[in-house]
1. So which residues in the range 151-174 are among the small types (Gly, Ala, Ser), open to solvent by 10 Å² or more (accessible area, probe 1.4 Å) and in a loop (DSSP other than H, G, I, E, B), if there are any at all?
2. Condition first: exposed (fewer than 14 other Cβ atoms within 10 Å of the Cβ), at pLDDT 95 or above, out of contact with any strand residue (DSSP E or B) (no Cβ under 8 Å at 6 or more places or on another chain) and not polar (S, T, N, Q). Now tell me which residues in the range 447-488 satisfy that.
3. Are there any pairs, at least 6 apart or on different chains, whose C-beta atoms fall under 8 Å, with the first in the range 489-502 and at pLDDT below 95 and the second of a type in the set (A, V, I, L, M) and in a helix (DSSP H, G or I), and if so, which?
4. Identify the single condition in (1) within 23 Å of residue 431 (Cβ to Cβ); (2) assigned to a strand (DSSP E or B) that residue 32 does not satisfy, given that it satisfies every other one.
5. Out of the residues in the range 6-16 that are surrounded by 23 or more Cβ atoms within 10 Å (Cβ to Cβ) and not polar (S, T, N, Q), which is nearest to residue 71 (Cα to Cα)?
6. Of the numbered conditions (1) under 20 Å from the mean Cα position of the chain (by Cα); (2) at pLDDT 95 or above; (3) β-branched (Val, Ile, Thr); (4) more than 19 Å from residue 472 (Cα to Cα), residue 196 satisfies every one except a single condition; which is it?
7. Of the numbered conditions (1) under 21 Å from residue 431 (Cα atoms); (2) open to solvent by 30 Å² or more (accessible area, probe 1.4 Å), residue 67 satisfies every one except a single condition; which is it?
8. Go through (1) in contact (Cβ under 8 Å) with a residue 60 or more places away in the chain; (2) crowded, with 22+ Cβ neighbours inside 10 Å; (3) closer than 30 Å to residue 45 by Cβ one by one and return the number of the condition residue 277 breaks.
Amino acid sequence: MSLYHSTRSRAHACSAKQAIRTGLAPDGGLFVSDALGTQKVDVDTLADKDYAAIAREVLGLLLPDYTADEIAACVDEAYTGTFASPEVTPVVDIAPVGGEGAPHAHVLELYHGPTSAFKDVALQMLPRLMARAQAGAGAGERIMIVTATSGDTGKAALAGFADAPGCGITVFYPEGKVSRVQELQMTTQAGANVAVAAVRGNFDDAQSAVKRIFADRALADRLASAGVVLSSANSINVGRLVPQVVYYFASYAQLLRAGAIAAGDAVEFCVPTGNFGDVLAGYYAKLLGLPVSKLVVASDKNNVLFDFLTTGVYDRNRPFFTTTSPSMDILISSNLERMLYYLSGGDCELIARLMADLAESGRFEVPAELLAKIQETFACGWADEDEVAGAIAASWHENAYLIDPHTACGYHVLEKLPAAAGSAARVLLSTASPYKFPRAVLEALGEDVPADDFACMRKLEEVTGTCAPAQLAALETAHERFSDVVDVPGMGAYVEDAALRL
């Protein structure tokens with residue numbers, strides 16, 4: 001059976017279940033498996049498979065110590081009756097984006113789950129995987145999920161873990177740096193085992209503090225004496241990452257069924273991303289045999305990834321911008337570490353050194369030969385706030401297709417970048433419902449913007465003839481349960497208090 005180990009060392013090997021249950025490797029690295037890519041998915045058979053069948057196959061390859069029955073049960077529980085589309089992640093055809101001669105463009109809609117964001121695809125699955133992993137642990141052990149969110153992960157994780165037996169969840173979000181709709185999704189969450197707090201700081205502050213909480217051995221010992229262990233629902237947890245690989249294959253299957261491509265044709269994917277998890281899942285799909293011509297990283301004004309992919313220098317010592325795409329307002333992209341591990345040929349010493357440089361100085365630089373390998377697979381672009389607004393307007397006026405600001409970053413990048421050589425189609429990953437950001441979308445369409453977000457929702461419905469997801473509209477009258485605000489140094493104590501109440 002293939003084992004998982006840290007990106008920074010092979011000293012600690014464990015099963016997929018143990019990696020999921022633990023979340024972060026003991027040395028602060030991320031769990032990876034050297035078996036990734038040794039088995040392939042047969043793309044010639046994809047057109048005949050629905051989402052559930054593809055999920056069973058992909059997850060079976062990536063999580064080999066789960067039995068076929070366990071995987072099947074997890075897939076059934078996660079995706080039966082929980083998504084508004086029978087495709088789970090439907091592909092929508094739009095006009096070519098990127099100028100004359102560009103391949104046909106499509107949008108992969110990832111926001112039809114219970115919280116209207118792409119995180120649902122993984123976070124409906126992770127609690128099921130966690131429950132099977134926990135079953136083999138010590139009797140009576142409880143897991144406290146600790147997660148920092150830039151906007152969407154928090155609610156999706158809360159929805160997945162609320163009242164899950166043997167689990168609790170604590171979510172931190174940056175105060176004043178998520179949309180009001182995103183904030184209400186979290187602060188109104190029901191469940192006896194949930195805790196939510198705003199953090200005085202930005203997402204990077206919160207995410208770095210969560211990593212320090214995982215590394216706090218004294219805290220771990222105190223919690224262990226109470227029968228509690230910590231784990232994560234961020235994409236640093238491999239159980240959060242691998243379900244995202246599925247929708248790349250599912251989109252390819254839909255393109256095959258529509259006759260948009262033939263089996264073996266290469267597809268270009270454009271992915272709005274801040275923490276690098278969503279696009280990394282596309283790289284995993286490529287290693288598993290999906291014909292990918294290019295993975296295009298689309299950033300907002302916090303364009304640290306663009307600079308890195310262009311120059312090989314990662315430098316978070318820069319201004320932090322609060323934008324209309326808050327889930328991408330990130331300067332420390334955790335999952336980049338996994339990509340660097342694989343493209344460096346599994347060089348743990350290099351990864352440990354780069355991550356140490358990042359921790360100590362806020363920057364690192366990769367060798368020129370490694371940058372060249374990265375650029376063979378990854379392209380990049382970014383959009384400022386005016387360009388985001390322009391892309392929302394262009395998508396609506398040219399395609400009668402409404403997009404949110406995160407998706408708009410990708411739309412703009414597709415407009416500006418020529419298609420990758422050999423691409424038979426271009427697929428833009430749409431990461432959230434536009435109704436999660438009604439104020440920004442309405443303003444981009446040139447409309448007067450009401451003061452209240454829910455009035456914005458109603459006006460957006462009126463102007464476009466589209467409908468807000470019921471779960472978002474219902475937030476207007478939902479009871480707000482949480483109003484806690486903590487400083488970064490107080491996050492550990494907040495987690496400990498929540499964990500001891502489990």
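1. The first filter runs over the range 151-174 and keeps only residues among the small types (Gly, Ala, Ser), leaving 151, 154, 156-157, 159-160, 162, 164, 166, 168.
Cutting the leftovers down to open to solvent by 10 Å² or more (accessible area, probe 1.4 Å) gives us 159-160, 162, 164, 166.
Within the range 151-174, 162, 164, 166 qualify.
2. 448, 462, 465, 467, 470, 474, 479, 480
3. If the second residue must be of a type in the set (A, V, I, L, M) and in a helix (DSSP H, G or I), the pairs left are 499/223; 500/223.
4. (1)
5. Among those that are surrounded by 23 or more Cβ atoms within 10 Å (Cβ to Cβ) and not polar (S, T, N, Q), it is 16.
6. Of (1) under 20 Å from the mean Cα position of the chain (by Cα); (2) at pLDDT 95 or above; (3) β-branched (Val, Ile, Thr); (4) more than 19 Å from residue 472 (Cα to Cα), only one is false for residue 196: (4).
7. Evaluating residue 67 over (1) under 21 Å from residue 431 (Cα atoms); (2) open to solvent by 30 Å² or more (accessible area, probe 1.4 Å) leaves (1) as the failure.
8. Result: residue 277 passes all but (1).
The values are calculated or read from the model by the stated rules, or taken from the named source; none is laboratory data. This is a predicted model, so every value here is computed, not measured. Using ideal geometry, Cβ is built from the backbone for each residue, glycine included, and neighbour counts are taken over all protein chains shown. When the accessible area is computed, the model is the full protein with side chains, heavy atoms only, and any ligands, DNA or RNA have been set aside. Shrake-Rupley method; radii C 1.70, N 1.55, O 1.52, S 1.80 Å.
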